[in-house]
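Taking it in order: structure first as structure tokens, then the write-up.
Just so it is clear, none of the values below were taken in a lab; they were calculated from the coordinates. Just so it is clear, the structure is predicted and the values come from calculations on it, not from any experiment. All Cβ positions, glycine included, derive from the backbone under ideal geometry; neighbour counts span all protein chains shown.
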Amino acid sequence: MAIQSPRDLFLYGLCSMYDVERKLDQMLPILAQESLDAQAREAFTQHEQETRQHISNLEQCFQILGSQPMIVESNMVAGLRRDHDAFLQQQPPAQALTMFDLYAGYQSECLEIAGYHNLIDAANSIGLSQCVPLLQQNLQQEIAASQKLAALAHQLGLQQTQLGRAPVPNQPVSNQPPAGANQPMSNQPVQATNQPMPNQPMASQPAQAANQPVPNQGYATANPPASNQPSMAPNPPVANQSSGTANPSIADEPTETANAPAANIASQVQEGMDVVGSDMRPVGVVRNVRDNDFRIDIPMQRDLYAPFDAVQNVTDDRVILNIPADQVRDMNWSKPSLMG
């Protein structure tokens, strides 16, 4: 189009902003889907709805001008999209991708804010007062969105900095006992680190020391004098009994410990939780929890039923699998019927 007057320049800027808003309307759902943070996802989804209203407001400005939108391609969003795709090629963890998307969204809002300021100034200067309220509505929503995205990026950055000082997030803290913590007796070698109790045999009698019952081990009252310990087993071990039969109750403890995490995970998995792989990349959403497994709603793919033993950890709003996201489709898990 030929630019020969301030009105032509305003129309050119209007067409350019129209192209920006339409491209962002396509980009925002992608950013929302990639975001593991619930607040970030909500912010992108809300602004997607606002962007559709922005497009409608711009179309009303074209009607006021008595003109149709013309093709004026803006490279602003195209450049942000290329930056986004290049970042994805680095295979970043999900938290880093969410941070990148928040900053990319903030950048686009700042550019739109500058564009709407220019359009409002131009509309006032050429006497198009009817366009000004429509453009101002768009501007105010862009300003609010930029502030929200900047605040979320700052908050999420602080959280990730704090997590960086903690154990690796892909490994549940519950599976990492602190140094020096007492392990179950069946997994411990002869306790060289424990001081002998007053009535225990010394190191010259290892076989008898191994058979000494220690019912309170691991608590604040651990290792009281043997003479004060009540007999907790119906058949207390004697010196000539083998360690394998010395204390049947202790021998059963590993089985109970092994079954506890699975039952605990099953009680924590709730419908609506996000499901991610061990690499923290998104997989889908929990849609149905059954006795032995739960259904994962996977976008654009057939759903799967994941067994509870495939879960590494459950947080407040997320189920973390013990395999990477790109290996989920390779697992021989059951699938829901295509008819239901």
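Below, the figures for the structure above:
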| item | result |
| --- | --- |
| Cut-off 14 Å, label 7 Å out along Cα→Cβ of ALA151, residues of the stretch 43-60 by amide N | 43-44 |
| Per-q log10 I(q)/I(0), the stretch 86-135, q = 0.24 Å⁻¹ (Debye; single scatterer per alpha-carbon; no solvent) | -0.84 |
| Other-chain or far-sequence residues with amide H under 5 Å of ASP303's (modelled H) | ILE298 |
| Ranked PHE100, PHE294, criterion: other C-beta atoms within 10 Å, fewest first | PHE100, PHE294 |
| Two-site label geometry, TYR103 and ALA86: point separation in nm, points 7 Å out along Cα→Cβ | 1.3 |
| Cα-based Rg and Dmax for the stretch 1-111, where Dmax is the largest Cα-Cα distance (Å) | 16.1, 50 |
| Dimensionless Rg over Rh [the stretch 260-330; C-alpha; Kirkwood] | 0.91 |
| The stretch 6-163, dipole about Cα centre (Lys/Arg Cβ +1, Asp/Glu Cβ -1), debye to the nearest 20 | 40 |
